[in-house]
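What follows is a single structure, written as structure tokens, with notes after it.
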Amino acid sequence: MEFDLLQNLATGFGAAVSFKNLGFALLGCLLGTLIGVLPGIGPIPTIAMLLPITFGLEPLSSLIMLAGIYYGAQYGGSTTSILVNIPGEAGSIVTCLDGHAMAKQGRAGAALAVAALGSFLAGCVGTVFIAAFGPPLAAIAQEFNSPDYFSLMVLGLVTAVILAHGSVLKAVGMVLVGLLLGLVGTDVNSGLTRYTFGVSELWDGIDFLPLVIGLFGIVEIIRNLEQPTLPRPQFSAKMRDLWPGAKDFSESWRAVLRGTALGSILGILPGGGAVLAAFASYTLEKKIAKDPSRFGKGAIEGVAGPESANNAAAQTSFIPLLTLGLPSNAIMALMMGAMIIQGIQPGSAVMTKRPDLFWGMVASMWIGNLMLLVINLPLIGIWVRLLSVPYRLLYPAILLFCVIGIYGTNTNIAQLVLCAVFAVFGYILLRFGCEPAPLVLGFILGPLMEENLRRSLVISRGDPMVFLERPISAVLLAATVAIVVLIVLPQFRRTREEAFQE
Amino acid sequence: MLRVRSPQDLGAGLVFTLIGLAGFYFGTDLTFGTAARMGPGFFPVLLSGLIIAIGLVLALKGVAVEGPPIEPVQLRPISFIVAAILIFGFLIESIGLALTAVLLTIFAAYARPEVKLRETILLGVGLAMFTVLVFVYLLGQALPAWWGR
């Protein structure tokens, strides 16, 4: 077993470590950080905007670059949270609390370094986690039949909805709309086109790229422009010294380890991921701290724990995607979309049929983390200077890159019209309090869910009891019901609301 | 007279209901089939039904339960940004990336008040040079750099 693990990792590093691939990993990290560090742009819009760059590459290189972009974007997000108190996404809010407080005290360097070092350690553990748990999980996945997959997707979507912030009802609605949008195009089974309204560009379905760039990238720009004052960094903090002192280390290493452990576990859960892990870790650190009142005023554990946790979870949330083909959050849905565009259907088959790809990607995650550490940490000065570029000069550039990205992939005006439509759609829904992330999850799972439902019902000759008769499926559905019951219970509901308030 | 207590919920409910109704209406053109032999209309109609249900519950919630108001919509940012995207789309084939990049920048700039025209044009020219160099010449993407190719 252990031998296998080493050998597998060796295969992975063999595939991933080439001059070219390391270059792509580096480029991905740099670009990811570059966009991610811009105030108000979280990891999801960052990845959405940078997706098109990876399309021209061969599959492994493209996945490696994408992983680099992902880590870069996350790291960039932490940097903005710490330095200018503008969280790019829900997960970074936690980092803002103590990270920015530290920056105000002139300890920005220590906060950034601890975030990077903690993330790196968490990334290493996460990588080993994937290597260790991937194959057994993939073996279990081999036992999965259509009904089991269907139930698994139901479970995944339900948990994702509950862990999303905001109204559960609206999130359910968004998932369903996403599922429906995912069905647009030619039905593989009958060959008939659905919801295409005679538009030939829709025959292959709605393209992923205009959808995500419209919903996330463009809406983000519009939202920022609506603020009376454009996001503009005001840092009084000086970068006195980058390296944390011995005291910082001794205060934070335990938090890093706890965060890593917590994040690794929470990342595997369907619906879990970086955001949940960061929140959970912050709560944990505050609970067990000797003096909880320090939190919010620059407690280094409040940076070290969540930052490690979110990176560990970012890593391990690849596990359900790579073994079961189930994206557990919107970022994984983006990854899955990118893989599908590369002609790879994520799932246990990737590991058996294309071990170089699977293990190469696992190895590249570790490489990506290392790149972040050795390259980004010294570059913090540059990222900081980038933060001071006024937003009025940045957003036209961002918009232009988005548009070129969409148009450049298949030179079709329809894609840009689609992007504009989704931007307006996303904007309206956001005004009504509906977050777009669940929609993307539904969108990517729509065709899969339909296919598995169809196959299940063919096997059972139309009897829906098949979902309860198969043990795996029954267990998954029971888990789903248990979770639904939990949220209906008022007590849990209050905890959830409190958790999101913090 | 019904009083709207949570405009956000009511709005979301109405949007969902409309989407569901549209999905249902256009889905009924497709064969529904039976559970054992699902037609192309089976899953879409099922989903549309669920969406309508969620929409109606949300709409009811909107008139029954107190909720936050809708932030006022500002027409300027959204209309100029969307216009910039569409102008890029409809002009790129005929006048090329260099000019459309400048146009997009100008349109985007007017999404906010107090435009500095000189600065914007300079930015547009800079972005045009950069993107033509990088995307057309360096990355070799299938984009026309100038008019007539």
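The values are calculated or read from the model by the stated rules, or taken from the named source; none is laboratory data. None of these values were measured; they are calculated from a predicted model. Here Cβ is always computed from backbone atoms with ideal geometry, including for glycine, and neighbour counts include all displayed protein chains.
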* Asked: Out of (1) of a type in the set (Ser, Thr, Tyr); (2) assigned to a helix (DSSP H, G or I); (3) in contact with a Ser or Thr (Cβ under 8 Å, 6 or more places away or on another chain); (4) over 30 Å from A:Met102 (Cα atoms), the odd one out for A:Thr352 is which?
  -> (3)
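Taking B:Gly96, is it over 20 Å from A:Leu418 (Cβ atoms) and surrounded by fewer than 20 Cβ atoms within 10 Å (Cβ to Cβ)? Can you show your working first?
Values: over 20 Å from A:Leu418 (Cβ atoms): yes; surrounded by fewer than 20 Cβ atoms within 10 Å (Cβ to Cβ): no.
The answer is no for B:Gly96.
Among the residues of region A:50-61, is there at least one that is closer than 19 Å to A:Glu307 by Cα and small (Gly, Ala, Ser)?
Looking for residues that are closer than 19 Å to A:Glu307 by Cα and small (Gly, Ala, Ser), one finds none in region A:50-61, hence no.
For region A:1-52, which residues satisfy the criterion of being outside any loop (DSSP other than H, G, I, E, B) and in contact with an Asp or Glu (Cβ under 7 Å, 6 or more places away or on another chain)?
To start, the set of residues in region A:1-52 that are outside any loop (DSSP other than H, G, I, E, B) comprises A:2-16, A:19-36, A:43-52.
If the condition is that a residue be outside any loop (DSSP other than H, G, I, E, B) and in contact with an Asp or Glu (Cβ under 7 Å, 6 or more places away or on another chain), then A:Thr11, A:Ala15, A:Pro43, A:Ile44, A:Pro45 are the ones that fit.
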* Among the residues of region B:11-30, which ones are surrounded by fewer than 22 Cβ atoms within 10 Å (Cβ to Cβ) and either aromatic (Phe, Trp, Tyr) or more than 7 Å from every other protein chain (Cβ to nearest Cβ) (or both)? -> B:Leu14, B:Thr17, B:Leu18, B:Leu21, B:Ala22, B:Phe24, B:Tyr25, B:Phe26, B:Thr28, B:Asp29
* Asked: Inside region A:63-148, counting only helices (runs of 4 or more DSSP H) that do not spill past its ends, which hold 3 or more residues that are surrounded by fewer than 24 Cβ atoms within 10 Å (Cβ to Cβ) and modelled with pLDDT under 80?
  -> A:108-142
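Select from region B:102-133 the residues that are within 24 Å of A:Leu211 (Cβ to Cβ) and part of a helix (DSSP H, G or I) and write down the one among them that is farthest from the other protein chains (Cβ to nearest Cβ). Steps first, please.
Within region B:102-133, the first condition is being within 24 Å of A:Leu211 (Cβ to Cβ), and the residues that meet it are B:104, B:107-108, B:111, B:131.
Those left that are additionally part of a helix (DSSP H, G or I): B:104, B:107-108, B:131.
Numbers: B:Leu104: 6, B:Phe107: 9, B:Ala108: 4, B:Thr131: 6 Å.
Selected residue: B:Phe107.
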* Inspect all residues belonging to region A:249-258 and state whether any of them is charged (D, E, K, R) and modelled with pLDDT of 90 or more. => yes
* Structure fact -> Checked against (1) surrounded by fewer than 18 Cβ atoms within 10 Å (Cβ to Cβ); (2) under 19 Å from the mean Cα position of the chain (by Cα); (3) closer than 23 Å to B:Gly23 by Cα, A:Gly178 satisfies every condition except (1)
* Some residue of region A:415-427 being under 18 Å from A:Met49 (Cβ atoms), within 21 Å of the chain's Cα centre (by Cα) and more than 7 Å from every other protein chain (Cβ to nearest Cβ) -> yes
* Asked: Of all residues in region A:202-211, which are out of contact with any strand residue (DSSP E or B) (no Cβ under 9 Å at 6 or more places or on another chain) and either away from chain B (no Cβ under 13 Å) or over 26 Å from A:Met332 (Cα atoms) (or both)?
  -> A:Asp207, A:Phe208, A:Leu209, A:Leu211
* To do: Please work out if A:Glu220 is of a type outside the set (Phe, Trp, Tyr), surrounded by fewer than 19 Cβ atoms within 10 Å (Cβ to Cβ), under 30 Å from A:Gly178 (Cβ atoms) and at pLDDT 80 or above.
  => no
* Got at least one residue in region B:49-57 being under 25 Å from the mean Cα position of the chain (by Cα) and under 20 Å from A:Leu457 (Cα atoms)? -> yes
* Output the residues belonging to region B:92-147 that are in contact (Cβ under 8 Å) with a residue 24 or more places away in the chain and on the phi > 0 side of the Ramachandran plot. => B:Gly96
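Would you say B:Arg37 is modelled with pLDDT of 85 or more and basic (Lys, Arg)?
Working: modelled with pLDDT of 85 or more: no; basic (Lys, Arg): yes.
No, not satisfied.
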* Asked: Of all residues in region B:38-89, which are more than 7 Å from every other protein chain (Cβ to nearest Cβ), assigned to a loop (DSSP other than H, G, I, E, B), surrounded by fewer than 18 Cβ atoms within 10 Å (Cβ to Cβ) and free of Cβ contacts under 8 Å to residues at least 40 places away in the same chain?
  -> B:Pro72
* Which of (1) surrounded by 21 or more Cβ atoms within 10 Å (Cβ to Cβ); (2) within 30 Å of A:Val84 (Cβ to Cβ); (3) not hydroxyl-bearing (Ser, Thr, Tyr) is the odd one out, the single condition A:Gln415 does not satisfy? -> (2)
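Let's see how each residue does on (1) at positive phi; (2) of a type in the set (S, T, N, Q); (3) surrounded by fewer than 23 Cβ atoms within 10 Å (Cβ to Cβ); (4) at pLDDT below 80:
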residue: A:Pro244; (1), (2), (3), (4): no, no, yes, yes
residue: A:Ser264; (1), (2), (3), (4): no, yes, no, no
residue: A:Ser281; (1), (2), (3), (4): no, yes, no, no
residue: A:Lys287; (1), (2), (3), (4): no, no, yes, no
residue: A:Val303; (1), (2), (3), (4): no, no, no, no
residue: A:Leu321; (1), (2), (3), (4): no, no, yes, no
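Let's see how each residue does on (1) among the small types (Gly, Ala, Ser); (2) surrounded by 18 or more Cβ atoms within 10 Å (Cβ to Cβ):
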site	(1), (2)
A:Ala423	yes, yes
A:Leu445	no, yes
A:Ser456	yes, yes
A:Pro464	no, no
* Structure fact -> Those residues of region A:324-339 which are in a helix (DSSP H, G or I) and at pLDDT below 85 amount to A:Leu324, A:Ala330, A:Ile331
* Asked: What is the residue count in region B:90-137 for residues that are out of contact with any helix residue (DSSP H, G or I) (no Cβ under 7 Å at 6 or more places or on another chain) and closer than 14 Å to A:Phe401 by Cα?
  -> 5
